[in-house]
Amino acid sequence: MDSTRSPLGHTPFKDLKSRIKGKPQGKSEDKQQAPGEPTRQPEAHDPEADREFFRQAMEGTRPMGGSNREEGKGKPVPAGPLPKSGGEEALEGMKALIASGRGFVVADTPEYIEGTGYQVSPRMAERLHRGEFSIQAHIDLHGLGAEEARIAFEDFLRESVISNRRSLLVIHGRGLSSQGEPILKAKVTEWLTRGPWRKWVIAYSSARLCDGGAGATCILLRTRPVTKRQKKDPSRERT
């Protein structure tokens, strides 16, 4: 009796043995690839097939820009704290200015004043403001009225000339409580440029921050006043 035959006379596995013998061992029948399914990588190692598989896998992608792709490659990371931004530096500068006045430049403010006498270079006022001449005497006019301040100012300059003190400091305040311009500060400038003491002035300028800043004026005096004869003949002028 044929063992492959069923009781009903149907033999579904009759040709199975011959089919198996006609196929190579170890390989299964290829399945049909569904539409849209990614291409499968071949089992055998084939460089060309690998490249084709990579191209298909990367299809639709774009490379990064060259400048961003190579940025930082091979560069050492700097040690220490990162550099501060402009905003951080400005904030620290403001804190230092409020706490100690560091970074404040009197000459860069609208309150700064300076001037020079007859035939004197403007650089002399700059030198005076920088503190190149040691202050030999000072007077404080705070709390005085305009007329009282004028008398005290003239007495102070007169005594300084007699004592041969040439580098002076007059403290008048910034006039923050005054309506309009600072009264005493404006008066000191007027006395130095229009009064009889203008002939004695080599230069004047707002003081350094440590000496009072815009609330004080430095003055540099001559050893003798300029005369009309010296104005006619500048070569005869002596400071």
* Asked: Under 8 Å by Cβ, and 6 or more places apart or on different chains, what pairs join a residue from the range 133-153 that is polar (S, T, N, Q) with one that is surrounded by fewer than 17 Cβ atoms within 10 Å (Cβ to Cβ)?
  -> Q136/R165
* Out of the range 154-181, which residues are under 43 Å from the mean Cα position of the chain (by Cα) and free of Cβ contacts under 8 Å to residues at least 12 places away in the same chain? -> G175, L176, S177, S178, Q179, G180, E181
* Restricting the search to the range 81-118, which residues are modelled with pLDDT of 90 or more and assigned to a loop (DSSP other than H, G, I, E, B)? -> Y112, I113, G117
* Residues of the range 157-178 classified as modelled with pLDDT of 95 or more and under 16 Å from T189 (Cβ atoms), total -> 5
* Answer yes if at least one residue in the range 163-173 is outside any helix (DSSP H, G or I) and farther than 28 Å from V226 by Cα, and no otherwise. => yes
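Residues are listed down the side, and each one gets a yes or a no for (1) farther than 20 Å from V105 by Cα; (2) in contact with a Lys or Arg (Cβ under 7 Å, 6 or more places away or on another chain); (3) small (G, A, S); (4) surrounded by fewer than 18 Cβ atoms within 10 Å (Cβ to Cβ):
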residue: M124; (1), (2), (3), (4): no, no, no, no
residue: D140; (1), (2), (3), (4): yes, no, no, yes
residue: G143; (1), (2), (3), (4): yes, no, yes, yes
residue: D155; (1), (2), (3), (4): yes, no, no, yes
residue: G175; (1), (2), (3), (4): no, yes, yes, yes
residue: V188; (1), (2), (3), (4): yes, no, no, no
residue: I202; (1), (2), (3), (4): yes, yes, no, no
residue: G215; (1), (2), (3), (4): no, yes, yes, no
* Asked: In this structure, is L128 surrounded by 11 or more Cβ atoms within 10 Å (Cβ to Cβ) and farther than 23 Å from R208 by Cβ?
  -> no
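The values are calculated or read from the model by the stated rules, or taken from the named source; none is laboratory data. All values derive from a computational prediction rather than experimental measurement. Virtual Cβ from ideal backbone geometry, glycine too; neighbours counted across all protein chains shown.
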